[in-house]
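*Asks:* Starting off with a structure, shown below.
The values are calculated or read from the model by the stated rules, or taken from the named source; none is laboratory data. Source: prediction; values computed, not measured. Positions of Cβ are backbone-derived with ideal geometry, glycine not excepted, and every protein chain shown enters the neighbour counts.
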Amino acid sequence: DTGVSQNPRHKITKRGQNVTFRCDPISEHNRLYWYRQTLGQGPEFLTYFQNEAQLEKSRLLSDRFSAERPKGSFSTLEIQRTEQGDSAMYLCASSPPGTDTQYFGPGTRLTVL
Amino acid sequence: AQRVTQPEKLLSVFKGAPVELKCNYSYSGSPELFWYVQYSRQRLQLLLRHISRESIKGFTADLNKGETSFHLKKPFAQEEDSAMYYCALSHYTGGFKTIFGAGTRLFVKA
């Protein structure tokens, strides 16, 4: 088990384009989280899944952001019509049943030109 | 609103000196509190959580509900402790939500 993985690790896109990131949690972890982190700040909560159900979503998440976790395994985070303000590191984390200790992935760094 | 405040962006101490990284939180209920650490070129990882009441790598943290604080302490800092430290608060509202502080960079000088 190599831990939580995220792909791609880096993404450069032009403003207005759509991007999709993938997160593969540790197997048998039923909880999955997405965060956004900008320079000089801590991770900012975006959304939370328990199995395939999206149970919590930040009010900061605009309609341009959507996340899915089909079949309760991997998850995708899509950003539509990207803006320069979306440039950030996007982190994924997962937790096993019975604990809220989170195991983080390496992140996907998004740059919007 | 829930909030986690780490007042120091950077903390620099000499090796062997005591270190205290401050964390204050704002939450009306009973939160779960954590310290996460990120070493250079590594991913974010859990250091300790308040309900465990354990010492990890010589670090301890005590939850003070009266002062709404969860400061991280170590009596004798080591160079390998140099890293970014984040205080975090989790609470359950039908789903788990975690709020992180902005982080404190600890630099331990030889």
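*Asks:* Can you tell me which residue is nearest to the other protein chains (Cβ to nearest Cβ) among those in segment B:1-14 that are of a type in the set (S, T, N, Q) and within 11 Å of the chain's Cα centre (by Cα)?
*Replies:* Restricting to residues being of a type in the set (S, T, N, Q) and within 11 Å of the chain's Cα centre (by Cα), the top hit is B:Q6.
*Asks:* With the requirement that a residue be among the hydrophobic types (A, V, I, L, M, F, W, C) and under 17 Å from A:S75 (Cβ atoms), what does segment A:3-40 give you?
*Replies:* The answer is A:V4, A:V19, A:F21, A:C23, A:I26, A:L32, A:W34.
*Asks:* Starting from segment A:33-44, keep only residues that are farther than 21 Å from A:T101 by Cβ, then list their pairs with residues that are modelled with pLDDT of 95 or more whose Cβ atoms are within a distance under 6 Å, requiring at least 6 positions of separation or different chains.
*Replies:* Filtered contacts from segment A:33-44: A:T38/A:A88; A:Q41/B:A102.
*Asks:* Among the residues in segment A:80-90, are any within 14 Å of chain B (Cβ to nearest Cβ) and either more than 22 Å from A:I12 (Cβ to Cβ) or aromatic (F, W, Y) (or both)?
*Replies:* yes
*Asks:* Return only the number of the condition from (1) at the interface with chain B (Cβ under 9 Å from one of its Cβ atoms); (2) buried (at least 20 other Cβ atoms within 10 Å of the Cβ) that A:T101 does not satisfy.
*Replies:* (2)
*Asks:* Looking at (1) at pLDDT 95 or above; (2) within 14 Å of chain B (Cβ to nearest Cβ), can you tell me which one A:Q17 breaks?
*Replies:* Among (1) at pLDDT 95 or above; (2) within 14 Å of chain B (Cβ to nearest Cβ), A:Q17 violates only (2).
*Asks:* Identify, from the list A:L55, A:L91, the residue that is modelled with pLDDT of 95 or more, out of contact with any Asp or Glu (no Cβ under 6 Å at 6 or more places or on another chain) and assigned to a strand (DSSP E or B).
*Replies:* A:L91
*Asks:* Let me ask another. Restricting the search to segment A:67-83, which residues are without any contact (Cβ under 8 Å) to a residue 60 or more places away in the chain, loosely packed, with under 13 Cβ neighbours inside 10 Å and either in a strand (DSSP E or B) or on the phi > 0 side of the Ramachandran plot (or both)?
*Replies:* Passing the criteria: only A:K71.
*Asks:* Let me ask something else about it. With the condition being touching a residue at least 40 places away in the same chain (Cβ under 8 Å) and either away from chain A (no Cβ under 11 Å) or of a type outside the set (A, V, I, L, M, F, W, C) (or both), I'd like the strands (runs of 3 or more DSSP E) fully within segment B:15-110 carrying at least 3 qualifying residues.
*Replies:* Result: B:19-21, B:24-26, B:32-38, B:69-74, B:83-92, B:104-109.
*Asks:* Quick check, is A:R22 outside any loop (DSSP other than H, G, I, E, B) and either at pLDDT 95 or above or of a type in the set (A, V, I, L, M) (or both)?
*Replies:* yes
*Asks:* Go through (1) closer than 24 Å to A:C92 by Cα; (2) at pLDDT below 95 and name the single condition B:L63 misses.
*Replies:* Evaluating B:L63 over (1) closer than 24 Å to A:C92 by Cα; (2) at pLDDT below 95 leaves (1) as the failure.
*Asks:* Which numbered condition trips up A:N51, out of (1) of a type in the set (S, T, N, Q); (2) more than 14 Å from chain B (Cβ to nearest Cβ); (3) farther than 19 Å from A:P106 by Cβ?
*Replies:* Of everything listed in (1) of a type in the set (S, T, N, Q); (2) more than 14 Å from chain B (Cβ to nearest Cβ); (3) farther than 19 Å from A:P106 by Cβ, A:N51 misses just condition (2).
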